[in-house]
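One structure below.
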């Protein structure tokens with residue numbers, strides 16, 4: 001680990017801590033840190049703390065899933081929702097609303113929807129026991145389009161109620177009232193990220209080629225299935241808790257590859273730090289920009305993410 | 001016997017390679033050269049028959065164990081990610097490293113040796129996508145050498161290279177074969193390069209061995225015309241006294 005990397009790491013940690021502070025202090029009412037800790041403000045404190053934590057967790061989960069998929073699919077446009085998770089989750093929650101299921105079960109419904117879609121996409125792409133990378137991408141895209149059609153149909157025939165129920169997941173929200181859900185989702189995401197980190201060496205190898213990875217002794221079919229499973233779990237968990245948030249899973253990996261290079265052993269931790277910072281800032285902006293109206297976080301990430309992506313596109317070479 | 005999906009490309013091949021051999025596999029397109037290589041290197045499953053590395057049946061060896069002994073250089077690897085040359089060659093140590101294990105001094109030493117052997121030490125901090133194809137091919141060979149193999153497979157290592165780079169890469173392989181006793185099995189389409197560099201040649205035709213032996217034994221106009229279905233003239237190369245194949249055009 002060389003000096004410049006340690007320097008970059010320190011800067012990222014510093015930025016994350018600053019973002020934490022920024023997220024806790026700001027909101028519909030601005031409070032200093034000492035004020036927040038007073039018992040009369042405990043309600044606001046716990047609300048903001050859960051938002052900041054959820055933002056960090058979702059950022060990290062989406063970024064690491066994104067970079068893992070980019071490695072195994074060897075496609076720079078891969079992102080966590082590519083394999084159908086987002087539309088599956090959407091279908092799950094819209095169906096639940098249409099069928100009149102109580103809103104407590106919405107996260108569960110979207111989780112089930114996401115998982116069923118992933119199983120469908122996987123089986124569509126599978127040939128005997130192998131999964132081709134092209135087939136996976138195609139199946140994911142087709143499934144997403146088809147399911148989106150079904151969702152639009154359901155919304156159009158069911159009227160207002162379904163529309164309102166569906167909107168929360170379409171653009172994302174970091175507001176979590178259910179602490180149990182927050183804990184479970186955080187655990188899934190953190191465990192998932194660790195599992196992916198353990199496979200960093202394998203990801204490095206497969207990103208230079210599937211046959212190349214086999215020549216280095218890596219069981220590529222097992223690796224693809226494992227990564228596919230873990231990223232799907234992380235993404236499904238995040239979608240059911242926070243809805244769909246675009247750009248994070250696509251832009252942060254590319255940005256970090258630009259800053260620290262494609263070696264997954266350093267890329268994964270730095271992407272986590274950067275994504276967490278990005279999401280906390282985005283979430284804070286979403287609730288302070290037009291306070292008391294909350295702009296859905298997906299809108300903020302898109303507005304910041306799109307120009308960032310264009311800048312990245314223009315500057316293709318890595319800073320070594 | 002083996003192939004892709006339901007089609008069996010290789011049907012009946014039996015041969016042996018000794019340590020220190022430089023074996024060239026030649027044959028027309030579709031004869032099964034690359035397939036044979038993949039069957040020998042655990043990339044494709046063997047449907048019937050067996051392949052042994054030393055005393056061990058390769059099916060019984062785990063993929064990682066196999067890769068500690070045998071390395072593979074593919075045709076032209078296009079790498080989409082900006083790894084540095086050193087990072088690429090360090091990946092050659094993967095068969096020797098456990099997942100969470102950090103690279104030690106020994107690994108760095110092997111990487112440095114591999115770079116030295118392929119004359120790419122000066123490129124170590126450059127990014128792989130900035131290199132010329134000749135440089136990139138040498139780096140990929142360095143990665144294979146970092147695996148500390150006793151056996152090196154190469155699939156058409158020179159087909160995308162200009163004549164200068166072709167000689168550079170093949171000379172390197174010949175040097176490694178001679179000095180380090182590295183056994184080499186190489187698929188090559190250029191008959192004259194095979195003649196110049198290989199100690200033994202395998203001529204494949206439609207999934208079977210048509211002829212095997214020294215370049216003099218295999219590269220006769222009868223064998224070549226029979227397999228490639230084209231007229232050739234085989235002369236004696238004045239520089240190395242090996243067969244030299246001249247292609248004869250059908251047009252006047």
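The residue that is surrounded by the most Cβ atoms within 10 Å (Cβ to Cβ), among those in the range B:99-114 that are over 18 Å from residue A:2 (Cβ atoms) and touching a helix residue (DSSP H, G or I) at 6+ places or on another chain (Cβ under 9 Å), is B:114.
What about residue B:10, is it crowded, with 21+ Cβ neighbours inside 10 Å, touching a strand residue (DSSP E or B) at 6+ places or on another chain (Cβ under 7 Å) and under 27 Å from residue B:135 (Cα atoms)? Quick ask: steps written out before the conclusion?
Working: crowded, with 21+ Cβ neighbours inside 10 Å: yes; touching a strand residue (DSSP E or B) at 6+ places or on another chain (Cβ under 7 Å): yes; under 27 Å from residue B:135 (Cα atoms): no.
In short, no.
Criterion first (assigned to a helix (DSSP H, G or I) and touching a helix residue (DSSP H, G or I) at 6+ places or on another chain (Cβ under 8 Å)) does residue A:34 satisfy it? Considered against the rule, which asks whether it is assigned to a helix (DSSP H, G or I) and touching a helix residue (DSSP H, G or I) at 6+ places or on another chain (Cβ under 8 Å), residue A:34 comes out as no. On the given criteria, is residue B:56 surrounded by fewer than 18 Cβ atoms within 10 Å (Cβ to Cβ), within 29 Å of residue A:76 (Cβ to Cβ), in contact with a helix residue (DSSP H, G or I) (Cβ under 9 Å, 6 or more places away or on another chain) and more than 10 Å from every other protein chain (Cβ to nearest Cβ)? No. Scanning the range A:124-138 finds no residues that are within 18 Å of residue A:177 (Cβ to Cβ) and touching a residue at least 12 places away in the same chain (Cβ under 8 Å).
For the range B:39-50, the set of residues classified as in a loop (DSSP other than H, G, I, E, B) and crowded, with 16+ Cβ neighbours inside 10 Å consists of B:41, B:42, B:43, B:44, B:46, listed by residue number. Taking the range A:168-263 and the helices (runs of 4 or more DSSP H) fully enclosed by it, the elements with 1 or more residues that are in contact with a helix residue (DSSP H, G or I) (Cβ under 7 Å, 6 or more places away or on another chain), within 11 Å of chain B (Cβ to nearest Cβ) and in contact (Cβ under 8 Å) with a residue 40 or more places away in the chain are at A:179-198, A:200-207, A:210-215, A:248-260.
Residues considered: A:151, A:118, A:142. Of these, the only one that is in contact (Cβ under 8 Å) with a residue 40 or more places away in the chain, assigned to a helix (DSSP H, G or I) and closer than 18 Å to residue A:79 by Cβ is A:118. If you filter the range B:76-93 down to residues that are under 22 Å from the mean Cα position of the chain (by Cα) and surrounded by fewer than 17 Cβ atoms within 10 Å (Cβ to Cβ), you find that the one that is nearest to the other protein chains (Cβ to nearest Cβ) is B:78. Do we have residue B:72 as within 18 Å of residue B:157 (Cα to Cα) and buried (at least 19 other Cβ atoms within 10 Å of the Cβ) here? So residue B:72 passes the test. Of the residues screened, residue A:300 is one that is in a helix (DSSP H, G or I), away from chain B (no Cβ under 14 Å) and without any contact (Cβ under 8 Å) to a residue 24 or more places away in the chain.
Considering only residues in the range B:94-127 that are within 21 Å of the chain's Cα centre (by Cα) and at the interface with chain A (Cβ under 9 Å from one of its Cβ atoms), the one that is farthest from residue A:196 (Cα to Cα) turns out to be B:95.
On the given criteria, is residue A:50 without any contact (Cβ under 8 Å) to a residue 60 or more places away in the chain, surrounded by fewer than 22 Cβ atoms within 10 Å (Cβ to Cβ) and not in a loop (DSSP other than H, G, I, E, B)? So residue A:50 fails the test.
On inspection, residue A:82 fails the criterion of being within 14 Å of chain B (Cβ to nearest Cβ), within 19 Å of residue A:253 (Cα to Cα) and touching a residue at least 12 places away in the same chain (Cβ under 8 Å).
Quick check on my filter: what residues within the range B:129-142 are in a helix (DSSP H, G or I), within 14 Å of chain A (Cβ to nearest Cβ) and out of contact with any strand residue (DSSP E or B) (no Cβ under 7 Å at 6 or more places or on another chain)?
The answer is B:129, B:130, B:136, B:137, B:139, B:142.
Read the figures in this text as sums done on the coordinates, not as results from a lab. Keep in mind the model is a prediction, meaning the values are calculated, not measured. Glycine also receives a Cβ, built like all others from the backbone with ideal geometry; neighbour counts cover every protein chain displayed.
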